[in-house]
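**Q** I'd like to ask you about the structure that follows.
Read-outs throughout are calculated quantities, based only on the coordinates presented, and are distinct from any laboratory measurement. Only a predicted model underlies this, so the values are computations on that prediction, with no experimental measurement involved. So basically every Cβ, Gly included, is an ideal-geometry build from the backbone, and we count neighbours across all protein chains shown.
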Amino acid sequence: MAKALPKKANFSEWYSEILSMAGIVDVRYPIKGLCVWHPFGLVLKNKVYLILRSLLDVDHQEALFPLLIPETEFMKEAEHIKGFEEEVYWVTKGGTTHLDVPLALRPTSETAIYPMFKLWIRSHADLPLKMYQIVNTFRYETKHTRPLIRVREITSFKEAHTAHATWEAAEKQVYEAVRIYSKFYDRLAIPHIITKRPNWDKFPGADYSIAVDTLMPDGKTLQIGTIHHLGSNFAKTFDITYEDVNGEQQYVHQTCYGISERCIAAVIAIHGDDKGLVFPPEVAPIQVVVIPIPFGEGKDVLEASKRVHKMLSDAGFRVALDDSDERPGAKFYKWEMKGVPLRIEVGPRDLKSNSVTLVRRDTSEKTSIPVPDLVPAINQKLKDIHANLCVRAKKSFDERVVECATLSEVKTAVKKGIAKVNWCGDEQCGIKMEEGTGADVLGELAQTKKGKCPVCGKKTDTVVLMARTY
RNA sequence: GGGGUUGUAGGGUAGUCUGGUCCAUCCUAUAGCGUUCGGGACGCUGUGACCUGAGUUCAAAUCUCAGCAACCCCA
C-alpha cells in the first residue's frame, strides 16, 4: 500500500503532508519561509484568484507597481515604518556597488503606490480612484513559518488601494470591500466572520482595521483578509491632494484591503478530510476524472471512456481521463486525495446499459447515469457539492463559536474555537483578557449584546471575539 | 525574544553513544519485463543518499566548531 495520509484530526501533520502529497506546494526550497508552487497547486491558485479578480474588475483597475521601494519613501510614514521595520528585507548593493539609498523589498505597497497617486490625482473628477495589484511581497517573519499561512515571500498578495474625496466616502468603500470579500469567501464555501480589530492591533498607519477571519480544524483562527480605513494619514505624508469644486486643495481619504494565499490554505484546511483534498467545484483544477475499469483487452471500455471524456470536455468541464495502467483502486485513492469533485467509472457493467457510474468526492455517493443524461447530471452534482460544502463547513464553524461571560469560560471555549464575550472597550481590560486566557482579541462584532466586561465588570453592549490565532 | 532537538536516496528510517565491520539497512518511491485490474496487486531485475564548510585523525555518516535548514517547547 502506498503511504497513507495522516488523519485530519492531527491537523498540523495532515496539512503539511497533503500539501506535498497532492502537489500543491513544495517546501524544500532552501530558504526559510519560501516555497514553490507545483503546477497543480498553481492551477488551483489561479482559479481562486480568477474569482477575486472578477469581483474587483467591476469597478477597480488592475495595475502593477515595482517590487523595490526607496528607503526615502518607505521611511516617510512614521507609524507605518514602526509597524514593519523588523520585517523588511533591504537591498543594499547593486553588483559590488554599495547603494546610497537602500531599497526595500515591499512588505506591502502603500509607500510604492502613494507617491504615484500624488502625481495622478489632480481634481475631484479623478476620484474615487480604485486600483489593485496581485504581487509578491516580502516579510522577514521571525515566528515559525508555515506554508501558505506564515511565509517570508507572500507570492500572491492581492492589494487594493482606493482614494476618495471624503472620510465618509472612504468609509463607504470599506463596507464595499467587506461585501466583496464576503462574497469571495462564499464562492469558496469558507465560513468567515468580520470584526473591527482592536486599536492595538490595527494596520500601522490606519484609522481603523476590519478583519475577515475563518476557523481552522485545530480551533485556531486564520486571518484571511483585512480592510483598512487610512483616513488622510498617508495623504498628508505623501501630499496627495485634489482640487475640490470650490477650487481648493484637499487631502484625499484612502482605504486599502488585502487578501493573500492564506485563502488557499483556508480552502485546503476547511474542506479537506481524511482522504485528502476536497475542492469546491468552481476552483477544482480537475472537476471530473474518468476512470476506465478494464476487462480482458479492455479496448471497448477505453473507447467508451474516451468518448465520455470528449463529451465532457466539449461541454466545458475540466476533465481528465486516467488511462494509466495502475489498478482502479489505486486511481480512486489518488484522485480523491487530489480533491476531484466527481469521478466517473466506466466498466463492462456500465457499457452494457450505456451508462456510467458517477461518484461524489464529498459524500462518496454513487449513482448510475445514462450517458445521454450525463452533462446535466454533472452540472447538478457540482452544484449539490458546492451547497453541501457550504452547509458542512458552516455547521462545523457555528458549533465552535461559543458565547462566554467569564474569562474561564473563554479559556475553555478557545481550546476548540472562538469565544464571544463582552468588553468595555478599555485597552487595559482587553490586554488582561488576552493575558488571562492565552488567546487574542480578534475584534469587535458589529452586532451588540447587553453584558458586562469580564475584567472590570462595567456594563457594555460591545461584543468581541477571542481565539487562538495563526 | 529565550531554550532544546535534528539533518543519511524523491519521502520515511537503521547505523552515530564506542571513528575502521558500511562502494551503508529496511519500508516507500522510481525504471524495465511478466502476471494482474469494479477500492491502495504481486514476482523478477535495476536506479537512487551520508546538509555545507573548516578542524581533529593513518582513517569521519560517526568526534569538534561554524553556517544553512527543519522541527519542538516556553514567553
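**Q** Using alpha carbons only, how many angstrom separate the centre of region A:233-295 from the centre of region A:1-43?
**A** If you average the Cα positions of each part, the centres end up 21 Å apart.
**Q** Of all beta bridges DSSP finds with both residues in region A:401-469, what is the antiparallel percent, to the nearest 5?
**A** 75
**Q** Starting from region A:237-267, pick out the GluC sites (Glu not before Pro) whose DSSP state is loop and whose Cβ has at most 10 other Cβ atoms within 10 Å.
**A** Answer by residue number: A:E248.
**Q** To continue, here is another question. If packing is taken as the mean number of other Cβ atoms within 10 Å per residue, what is the order of A:136-144, A:267-275, A:107-115, highest first?
**A** In decreasing order of mean packing, A:136-144, A:267-275, A:107-115 become A:107-115, A:267-275, A:136-144.
**Q** Sort out for me the Cα centre separation of region A:163-193 from region A:390-427, rounded to whole Å.
**A** If we compute the Cα centre of each part, the gap is 24 Å.
**Q** Looking only at Cα atoms, what is the convex hull volume of region A:299-365 per residue, in Å³?
**A** 96
**Q** Would you be so kind as to identify all helices of chain A, as entire DSSP H runs, whose Cα atoms reach 24 Å or more along the helix's own axis and whose mean Kyte-Doolittle hydropathy is at least -1.0?
**A** Passing helices, by number: A:39-56, A:167-187, A:374-399.
**Q** May I pose another question? Which pairs, out of A:K172/A:K459; A:K158/A:K395; A:K158/A:K183; A:K338/A:K394; A:K8/A:K415; A:K275/A:K415, put more than 19 Å between their alpha-carbon atoms?
**A** Listed pairs above 19 Å: A:K172/A:K459; A:K158/A:K395; A:K338/A:K394; A:K275/A:K415.
**Q** Determine, from the Cβ-Cβ distance of A:T92 and A:T142 and an R0 of 30 Å, the FRET efficiency 1/(1 + (r/R0)^6), rounded to the nearest 0.05.
**A** Efficiency for this residue pair is about 0.90.
**Q** Among the DSSP beta bridges whose two residues both lie in chain A, what percent are antiparallel, rounded to the nearest 5?
**A** 80
**Q** Quickly rank A:419-429, A:155-165, A:439-449 as a protection proxy: mean count of other C-beta atoms within 10 Å, highest first.
**A** My ranking of the peptides, most packed first, is A:155-165, A:419-429, A:439-449.
**Q** If I take every Cα pair under 8 Å that is 6 or more residues apart in region A:11-271, average their sequence separation and divide by the length, what percent do I get for the relative contact order?
**A** 20
**Q** Taking the DSSP beta bridges in region A:11-271 as the whole, what percent of them are antiparallel, to the nearest 5?
**A** Within region A:11-271, antiparallel bridges account for around 95 percent of the total.
**Q** For chain A, max minus min Cα coordinate along each principal axis, in Å, sorted largest first?
**A** 81, 56, 49
**Q** Calculate, for A:K459 and A:D186, the FRET efficiency according to 1/(1 + (r/R0)^6) with r their C-beta to C-beta distance and R0 41 Å; round to the nearest 0.05.
**A** Working from the Cβ atoms, E equals 0.70.
**Q** Which one of A:P348, A:V375, A:S305 has its Cα pushed farthest toward the positive end of the charge dipole of region A:288-384, where Lys and Arg give +1 and Asp and Glu give -1 at the Cβ?
**A** Of the options given, the answer is A:V375.
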